[in-house]
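Nothing in this text is a laboratory measurement; each read-out follows from the coordinates by a stated rule. None of the values given here were measured: they were computed from a predicted structure. Cβ placement follows ideal geometry from the backbone for every residue including glycine, while neighbour counts extend to all protein chains displayed.
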Ligand SMILES: [Zn+2]
């Protein structure tokens, strides 16, 4: 490979609507976004921007641009393969659902996964490495998320952090099942900069256990993982109690209870804390893989929890980026140039893309971009979009 001295400049022009990812101002003024060397450099009206010397120009053809979607809760194992449902290319398929970043909640589906401390540390470090070195179809997979097993001591968390591990898998999936021990380990993890999440609700598959509101509060993990259960949700009063009594990220997943998801968002709205709501799929899992899971959650919450569509997209972009300390998810100078371009689906009702989503319909995806590079064109998974963006030939 030769070094490229001149910067890679991406110009996306003729955008019909820009969604910011920012809950406090979800719609932005403008029709053009410019990225240089994979970072957002400028945005606004094309006539006010320097669009000269673009290495790639995309004519959005009037469609909507949003930050690439983030799936806050996946269970990857290796590459673009999951043994859970014997699926190949599930990450590529999810890119076609607009997801450009995934966060592992534990690589627990590895057959024969080690449960001894030295083994689980080795696996976490290896998982972090192989997804750092290999991005399936360009998708950023933040992995290497060990689950807590009894016998771990403070030095183990320091070793993991020193080796580059930044996440814990869901508390409760390993052998640590009591709040006191979990609290101690989560505190050690936090001390060394490792972010934590907790399984909330009933057991997901045979072998996992119940985690109720008391244990979630006692453990104090950084994210309340699948507050709507994965699959079985806690009773309503416990969900409300969790929303009211801590300030952590509130994660709603596709593989959970949809009624509990609506309750969660309605409670967050009453508390004026919708900024805490983040979305995940919890796939691959018993329910399979959901290439459109994040889009489906956006549409479901928009339709059933009465969230304006432009705000529902913030749950899957800016909110997650802020709760998870990611450098993507917002249209902001210096952020990663990760985008999804989409339009109202053909023959879907509604006056425009936002109203169509608020009526419960999925948008059609026309393009994804990661780090300023076009990664996919018209989605093979969403309904077809009315209009499609295109790369302008040189
Ligand atoms: Zn779980």
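As a size descriptor, the averaged projected area of the C-alpha convex hull of the stretch 69-291 was calculated at 10.8 nm². If the chain between residue 122 and residue 51 were fully stretched, how many nm would it gain, using 0.36 nm times the residue separation less the Cα-Cα distance? So the chain would gain 20.8 nm between residue 122 and residue 51. Counting neighbouring beta carbons within 10 Å and listing from fewest to most, the residues 22, 296 come out as 296, 22. Centre-to-centre, using Cα atoms only, the stretch 144-180 and the stretch 347-394 are separated by 39 Å. How far apart, in nm, are the 7 Å Cα→Cβ label points at residue 150 and residue 347? Using points 7 Å along Cα→Cβ, the separation is 5.9 nm.
Looking at the stretch 69-291, the DSSP beta bridges with both ends there are about 20 percent antiparallel. Between residue 273 and residue 236, the distance separating the two model label sites (each 7 Å from Cα on the Cα→Cβ line) works out to 2.0 nm.
Counting other beta carbons within 10 Å of each residue's own, what order do 89, 199 fall into, fewest first? Before the final figure, lay out each step's value.
Numbers: 89 17, 199 28.
Ordered from fewest to most neighbouring Cβ atoms within 10 Å, 89, 199 come out as 89, 199.
In a fully extended conformation the segment linking residue 325 and residue 158 would gain 58.1 nm over its present Cα-Cα distance, using 0.36 nm per residue.
May I ask what percent, to the nearest 5, of DSSP beta bridges between residues of the chain are antiparallel?
Details: 32 of 57 bridges.
Counting only bridges with both partners in the chain, antiparallel ones make up about 55 percent.
Computed from the C-beta positions of residue 29 and residue 258, the FRET efficiency with R₀ = 41 Å rounds to 0.75.
Between residue 244 and residue 8, the modelled labels are 5.0 nm apart [label points 7 Å from Cα along Cα→Cβ]. From the Kirkwood radius over Cα pairs of the chain, Stokes-Einstein at 20 °C and 1.002 mPa s returns a whole-number translational diffusion coefficient of 102 µm²/s. Using C-alpha pairs below 8 Å separated by at least 6 residues, the relative contact order for the chain is 20 percent.
Given a Förster radius of 22 Å and the C-beta distance between residue 88 and residue 134 as r, what FRET efficiency does 1/(1 + (r/R0)^6) yield to the nearest 0.05?
Values: r = 15 Å, r/R0 = 0.66.
The formula returns an efficiency of 0.90 here.
Once the Cα atoms are used to define both axes, helix 258-270 deviates from the longest principal axis of the chain by about 80 degrees. With neighbour counts taken as other beta-carbon atoms within 10 Å, the residues 379, 175 rank, fewest first, as 175, 379. Report summary: the helix-based calculation at 222 nm, which adds -39500 (n - 2.57) for every DSSP H run with n ≥ 4 and divides by the residues of the chain, gives -8000 deg cm²/dmol. Computed from Cα positions, the angle between helix 117-133 and the longest principal axis of the chain comes to roughly 0 degrees.
Starting from the exponent 0.38 and prefactor 2.2 Å, build the expected Rg for the stretch 1-141 from its residue count and divide its actual Cα Rg by it.
Working: Rg = 19.3 Å, N = 141, 2.2 N^0.38 = 14.4 Å.
The value comes to 1.34.
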